[in-house]
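So the structure is just underneath, and the comments pick up after that.
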2 protein chains.
Amino acid sequence: MSSAVEELDRHIVELLVADGRMSYTDLGKATGLSTSAVHQRVRRLEQRGVIRGYAAVIDPEAVGLSLTAFISVKPFDPSAPDDIADRLADVPEIEACHSVAGDENYILKVRVATPIELEHLLGRIRSLAGVSTRTTVVLSTAYEARPPRI
Amino acid sequence: MSSAVEELDRHIVELLVADGRMSYTDLGKATGLSTSAVHQRVRRLEQRGVIRGYAAVIDPEAVGLSLTAFISVKPFDPSAPDDIADRLADVPEIEACHSVAGDENYILKVRVATPIELEHLLGRIRSLAGVSTRTTVVLSTAYEARPPRI
DNA sequence: CATGAAAAAGGACGGGA
DNA sequence: TCCCGTCCTTTTTCATG
């Protein structure tokens, strides 16, 4: 299998990660291709799942989510079947859920408005998923969601 | 000052987070506004910094970044001035850098292709920033960058 | 992959509640 | 102030070579 994304496609992806609304015309100019050629490639990248979609990048503070935290969780009963991710799937405050190697089983990234909300959220997570939690509060974010070097 | 984002704006932001390329026409239909009214609001949201920009969401594996890890770092010399974030700013593998409360000072999220690359990256981080590291490797990601409930 | 034409969307201006 | 309609321009989309 060659999941290889060739040079030109990488360039296109890189440009679209930096500006998801760049027009195909401009993409063409930047890559030296015609508009329709770029369009074709983008559609194939979307179909192949390389490009999953497009999203507006928002300032969490501006929408009232000024508290970010990482929560590491570990099941109370280590022998129970692991359906933690499923149990937490409908908690909207959880932005990311990673299964990890190490002391704990999962790392969650959450965003809430206030410390009290964080307290409530922790309670909900504990009871929903049957886990103990270890919380690391984010003080400031130098950068996040930085475009990967492709 | 009211950083308040009112109801209608929240709806628009929510829609654009879910689909950053949605047309103003469709946004208008979804919100009951005219195309130009939506357009005006979006531009104001962009100017106010609520919407920071737009990005293509890509599958990291598809571009050869199949190993994700969280690295907690702590300075060797706790009395040294904290310029860790600056020192690490030009390391492209670091996708996010959060200053945190807790045992360690920063949490980094990194993406690389292979375990060997992770090893090299850890060495670079240690020497660049003068820190010790604790690394948590991601085994699988149930979800990440999930749209926040606004 | 390029060209060219039809359809759609973007962007700017003036008017009205 | 906020929203709407209309203009013209640009972009998208699709057919064809």
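The values are calculated or read from the model by the stated rules, or taken from the named source; none is laboratory data. Keep in mind that this is a model prediction, so the values were computed, not measured. So basically every Cβ, Gly included, is an ideal-geometry build from the backbone, and we count neighbours across all protein chains shown. Side chains are part of the model used for accessible areas, which takes the heavy atoms of the whole protein and leaves out ligands, DNA and RNA. Shrake-Rupley method; radii C 1.70, N 1.55, O 1.52, S 1.80 Å.
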How many residues are within 9 Å of chain A (Cβ to nearest Cβ) and either among the acidic types (Asp, Glu) or open to solvent by 30 Å² or more (accessible area, probe 1.4 Å) (or both) when one looks only at region B:110-133? 0
Six or more apart or on different chains, Cβ under 9 Å: which pairs go from a residue in region B:131-150 that's farther than 10 Å from A:Gly102 by Cβ to one that's modelled with pLDDT under 85? Could you list them? B:Ala145/A:Ala145; B:Ile150/B:Val5
Do we have any residue at all in region B:114-124 that's among the polar types (S, T, N, Q) and either closer than 18 Å to A:Glu14 by Cβ or without any contact (Cβ under 8 Å) to a residue 40 or more places away in the chain (or both)? no
How many residues are more than 21 Å from the chain's Cα centre (by Cα) and modelled with pLDDT under 95 if we restrict to region A:103-150? 1
Can you name the condition, by its number, that A:Asp90 falls short on among (1) within 16 Å of DNA strand C (Cβ to nearest atom); (2) surrounded by fewer than 21 Cβ atoms within 10 Å (Cβ to Cβ)? (1)
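Would it be correct to say that B:Asp90 is acidic (Asp, Glu), farther than 29 Å from A:Met22 by Cα and more than 8 Å from chain A (Cβ to nearest Cβ)?
no
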Would you mind stating whether A:Leu16 is more than 7 Å from chain B (Cβ to nearest Cβ) and not small (Gly, Ala, Ser)? no
Starting from residues that are at pLDDT below 95 and part of a loop (DSSP other than H, G, I, E, B), keep the ones in region A:1-31 and report whichever is surrounded by the most Cβ atoms within 10 Å (Cβ to Cβ). A:Val5
Of all residues making up region A:27-36, the number that are within 9 Å of DNA strand D (Cβ to nearest atom) and of a type in the set (A, V, I, L, M, F, W, C): 1
Pairs only if they're at least six apart or on different chains, beta carbon under 7 angstrom, first in region B:9-27 and under 16 Å from B:Arg44 (Cβ atoms), second open to solvent by 60 Å² or more (accessible area, probe 1.4 Å) and near DNA strand C (Cβ under 8 Å from one of its atoms); list them, first residue then second. B:Tyr24/B:Thr35; B:Tyr24/B:His39
Could you please find all residues in region B:38-74 being open to solvent by 30 Å² or more (accessible area, probe 1.4 Å) and either part of a strand (DSSP E or B) or within 16 Å of DNA strand D (Cβ to nearest atom) (or both)? B:His39, B:Gln40, B:Arg41, B:Arg43, B:Arg44, B:Glu46, B:Gln47, B:Arg48, B:Arg52, B:Val57, B:Lys74
Among residues of region A:107-150, those that are in contact with a helix residue (DSSP H, G or I) (Cβ under 6 Å, 6 or more places away or on another chain) and more than 19 Å from A:Val57 (Cα to Cα), counted: 4
As an exercise: evaluate B:His39 against (1) over 22 Å from the mean Cα position of the chain (by Cα); (2) touching a residue at least 40 places away in the same chain (Cβ under 8 Å) and give the number of the one condition it does not meet. (2)
